[in-house]
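Just below is one structure, and these are the notes that go with it.
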Amino acid sequence: MNVLGVETSCDETAVSICSNGKIVSSIVASQQNHSKFGGVVPEVASRMHEKLLLTTMKKCLDDSKISKNQIDAIAVTIGPGLMGALLTGVSFAKGLSVGLNIPLIGVNHMEAHLFSNFIEYPDLEFPFLCLLVSGGHTQIWKVKDFRDYILLGDTRDDAAGEAFDKGARLLGLSYPGGIEIEKQSKNGNSNKYKFPLALYNSKEIEFSFSGLKSSLLRFSQKFNGKIPKNIISDVAASYQKAIVDSLLNKLKLAEEKTKISTIVIGGGVAANQSLRKKTSIIFENSRVLFPSLQLCTDNAAMIAFLGEKLIKKGFKSNISVGVYPNLKLNDALK
Ligand code: KG4
Ligand code: ZN
């Protein structure tokens with residue numbers, strides 16, 4: 001079975017083909033237009049998706065050597081994400097579904113991040129813990145089985161990715177901030193400055209990153225909003241350390257509470273090398289899985305992969321399926 005996946009929830013226009021659990025092609029056109037604004041501009045993202053979708057699909061078909069008539073189903077992200085951006089992908093997918101007379105399956109983007117681990121680790125077994133860390137989410141889930149997910153912890157305010165992006169802006173770095181802070185941190189001393197680790201000693205599994213961002217803002221105000229170039233690496237490394245340590249502290253707590261020792265990490269922040277390294281050290285006696293970098297950040301491979309799984313389980317969306325900007329992981333159950 002060949003499933004074509006379409007992903008347009010934010011600023012990545014992506015198309016992929018999954019054939020019987022194997023990704024045969026995955027094309028991601030990252031929109032460069034947002035960096036000068038320091039964040040994604042929704043209207044710009046929608047317009048860029050419109051522009052890029054057809055060529056991205058053509059590239060994907062060429063790359064896979066599969067013709068459009070050999071596609072058996074279309075999978076598309078229906079949420080969460082930006083309303084206009086989601087609409088471009090869903091409209092495109094509906095057109096393909098009707099034109100090719102093949103089924104359409106709407107996919108929850110967060111569930112796709114969660115399942116992206118099965119692409120590279122097909123032997124992954126339930127139950128496992130999943131830390132989902134992206135631009136909009138910072139959650140720890142107990143994944144008991146397919147569509148049997150229990151939310152163990154969430155953020156009270158900002159997501160970890162948002163903390164990276166907002167921090168980068170305060171440091172005068174471009175968007176997306178995570179990778180920029182990571183680059184700067186490589187030459188920095190992460191113990192040079194102490195940033196607050198909110199809720200660190202609480203025994204609840206919950207995160208908070210807004211205080212961290214405010215403390216960086218106050219730090220930058222000491223320099224009239226312009227942190228000197230010669231200390232940026234140390235500040236970035238210390239700020240990154242605060243985010244990573246906060247995440248791992250609560251992940252450890254979740255492991256202790258549930259006694260589950262298989263841990264998977266998904267979402268864009270999972271691309272962070274410091275997070276990856278520290279996780280392997282802290283959880284040296286557990287099985288820790290990270291998707292490869294191209295599967296951490298937004299992509300359509302995870303959409304095609306989960307889409308195929310759902311179709312094979314008998315799920316199918318109606319052609320009138322809508323978009324759901326605030327879709328939650330558990331909403332997939334409905
Ligand atoms: O999963 P994703 O691509 O999109 C959403 O679903 O939100 O995650 C994007 C987030 C952004 O906040 C970005 O700064 C962060 O992931 N990110 C990183 C890294 N690469 C992307 N954060 C830390 N280190 C990275 N290397
Ligand atoms: Zn994502």
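The values are calculated or read from the model by the stated rules, or taken from the named source; none is laboratory data. Please read all numbers here as calculations on a predicted model, not as lab measurements. As a convention, Cβ positions derive from the backbone with ideal geometry for all residues, glycine included, and neighbour counts pool all protein chains shown.
A few notes on this one:
- In the range 249-271, the residues that are of a type outside the set (A, V, I, L, M, F, W, C) and away from ligand 2 (no atom under 16 Å from the Cβ): Asn249, Lys250, Lys252, Glu255, Glu256, Lys257, Thr258, Lys259, Ser261, Thr262
- Test for Gly99: is it without any contact (Cβ under 8 Å) to a residue 24 or more places away in the chain and of a type outside the set (Asp, Glu): yes
- Residue that is surrounded by the most Cβ atoms within 10 Å (Cβ to Cβ), among those in the range 118-129 that are farther than 13 Å from Phe146 by Cβ and of a type outside the set (Asp, Glu): Leu129
- Residue check, Leu132 surrounded by 23 or more Cβ atoms within 10 Å (Cβ to Cβ), more than 8 Å from ligand 1 (Cβ to nearest atom) and outside the structural domain of Cys10 (by TED's automatic domain parsing): yes
- Flag not set for Gly95, criterion: surrounded by 15 or more Cβ atoms within 10 Å (Cβ to Cβ) and not hydrophobic (A, V, I, L, M, F, W, C).
- When Ser246, Ser280, Ser274 are screened for being more than 16 Å from ligand 2 (Cβ to nearest atom), under 22 Å from the mean Cα position of the chain (by Cα) and loosely packed, with under 14 Cβ neighbours inside 10 Å, only Ser280 passes.
- Of the residues making up the range 47-70, at least one is within 16 Å of ligand 2 (Cβ to nearest atom), in contact (Cβ under 8 Å) with a residue 40 or more places away in the chain, part of a helix (DSSP H, G or I) and under 23 Å from the mean Cα position of the chain (by Cα).
- Yes/no for Leu293 being touching a helix residue (DSSP H, G or I) at 6+ places or on another chain (Cβ under 6 Å), farther than 24 Å from Ala73 by Cβ and either outside the structural domain of Glu255 (by TED's automatic domain parsing) or free of Cβ contacts under 8 Å to residues at least 40 places away in the same chain (or both): yes
- Exactly one residue among Val40, Val76 is of a type in the set (Val, Ile, Thr) and out of contact with any strand residue (DSSP E or B) (no Cβ under 9 Å at 6 or more places or on another chain), and that residue is Val40.
- From the list Asp165, Asp245, Asp234, the one residue that fits, being closer than 26 Å to Ala45 by Cβ and part of a helix (DSSP H, G or I), is Asp165.
Table: residues versus (1) under 26 Å from Leu293 (Cβ atoms); (2) in contact with a Gly (Cβ under 8 Å, 6 or more places away or on another chain).
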residue: Gln139; (1), (2): yes, yes
residue: Asp148; (1), (2): no, no
residue: Tyr175; (1), (2): yes, yes
residue: Phe195; (1), (2): yes, no
residue: Phe207; (1), (2): yes, yes
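- Any chance Thr13 is within 16 Å of ligand 2 (Cβ to nearest atom), touching a Gly at 6+ places or on another chain (Cβ under 7 Å) and closer than 30 Å to Gly314 by Cβ: no
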